[in-house]
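Data first, discussion second: the structure below is written as C-alpha cells.
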Amino acid sequence: MRTRMVAGNWKMNKTLQEGVELANQLKNDVKNPNCEVVIGTPFIHLATVAELVKGSAVKVAAENCADKDKGAYTGEVSAAMVASTGAEYCILGHSERRAYYHEDYEILKNKVELALANGLKVIFCIGEVKEERLENKQNEVVKAQLEGSVFHLSAEQWAQITLAYEPVWAIGTGLTATPEQAQEIHAFIRGLVAEKYGKQVADDTTILYGGSCNEKNAAELFACPDIDGGLIGGASLIAEKFEAIIAAR
Ligand code: PGA
C-alpha cells in the first residue's frame, strides 16, 4: 500500500512569525490524518517549525537545497544543513526553480543525490508548460525530466522519492487539470516507473498532483486511482483550506 500524502509548498510567503503561527495551527488541528502531511517552508523557517511540530502528524520539507556539498557558495543552503534542522523532506525540481533559477536536469540530479545522501526524502516535481500540452508533448516532457534527473537512482534510493506531477499551466493560475487529464498522465508516469523499477516499486510509488489543487477540487482529483495526494501552493497558506484538502485525502 503506497503512502498517501498532502504536502504544502509555501514558496516565498510568510515571515517567520506568520509561518510559526500557521504551523502551530496545523499541529493543533491535524491529529489523525489519513495521509502523510508535509509542509514545505522557506529555509529560515525550517529549524523553528521542525522543532515546533516534532512528535505531531505534521512533517517538514525544504523547498530546495544546494547542488554542492559544502564550501564557498555564498548564500546557498546544503542538504546537510536542511537535514540538521529536523526537516525530513526536500522539494526538488519545482517548475519555478527550473524556469527562474535555470535548474537543469544535471543540477537537479546533483541536488537529488545530495538530499538522499543526507537522509532527506525527496518530493520531485515534473510537468509540462502550456505550449507542450497544446502540442500534446506532456508525456515525452515528463519522461525526459525523470530520465534526466532521477531514473539513474537505485531501487533502494527510489524508495525515498515521491513524485509530484505539476502541469506548469495549472500552477497558481486557477486552471486545474481535469481529473481525467491528471489521471491519464499519472498512469503514464507510473508505467514509466514500472518499466524502470518493476511493477511492485511502481505500485508503491507515491505520485502527487499539483497545480491549483484546492479544497473544492481535491476530493475529485484524489478519487483517481493513480493520484495519491497533492502538492499544494496557494491553498496551503490558509490553515482551513489546507486542512480541508487533508480531510479530502
Ligand atoms: P498552486 O501551486 O497550488 O498555487 O497552483 C502548486 C505548486 O506550485 O506546488
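Details
- Per residue solvent-accessible surface (Å²) - the chain, probe of 1.4 Å: 45
- Across the accessible surface of region 5-248, with the other protein chains kept in place and a 1.4 Å probe, carbon and sulfur atoms take up 51 percent.
- Residue-count net charge about Lys14 - beta-carbon cut-off 15 Å; Lys, Arg +1, Asp, Glu -1: -1
- Debye, to nearest 20: dipole size of region 56-207, +1 on Lys, Arg Cβ, -1 on Asp, Glu Cβ: 260
- 10 Å-binned pair-distance histogram of the chain (Cα, whole percent): 8, 34, 39, 18, 1
- Applying 0.36 nm per residue to the separation of Glu135 and Ile238 and subtracting their alpha-carbon distance, the gain on full extension is 33.5 nm.
- Kyte-Doolittle mean at least 1.0 and Cα axial length at least 15 Å: DSSP H helices in the chain: 43-53
- In summary, the lysines within cross-link reach of Lys130, defined as a Cα separation below 25 angstrom excluding same-chain residues under 8 places away, comprise Lys11, Lys109, Lys143, Lys216.
- Over the chain: helical MRE at 222 nm, DSSP H runs n ≥ 4 each giving -39500 (n - 2.57), nearest 500: -12500 deg cm²/dmol
- Cα-based shape type of region 1-143, given that a ≥ b ≥ c are square roots of the gyration tensor eigenvalues and the cut on a/c is 1.5: oblate
- A dipole drawn for the chain from +1 and -1 charges on Cβ atoms has a positive end, and of Ala155, Met5, Ile207 the residue lying farthest that way is Met5.
- Whole-Å distance, taken between Cα centres, linking region 102-144 and region 158-211: 12
- Charge sum, other residues only, whose C-beta stays under 9 Å from Thr3's C-beta, Lys/Arg counted +1 and Asp/Glu -1: -1
The values are calculated or read from the model by the stated rules, or taken from the named source; none is laboratory data. Worth saying up front: this structure is predicted, and the values here are computed from it rather than measured. Using ideal geometry, Cβ is built from the backbone for each residue, glycine included, and neighbour counts are taken over all protein chains shown. These accessible areas exclude ligands, DNA and RNA; they are computed on the full protein's heavy atoms, side chains included. Shrake-Rupley method; radii C 1.70, N 1.55, O 1.52, S 1.80 Å.
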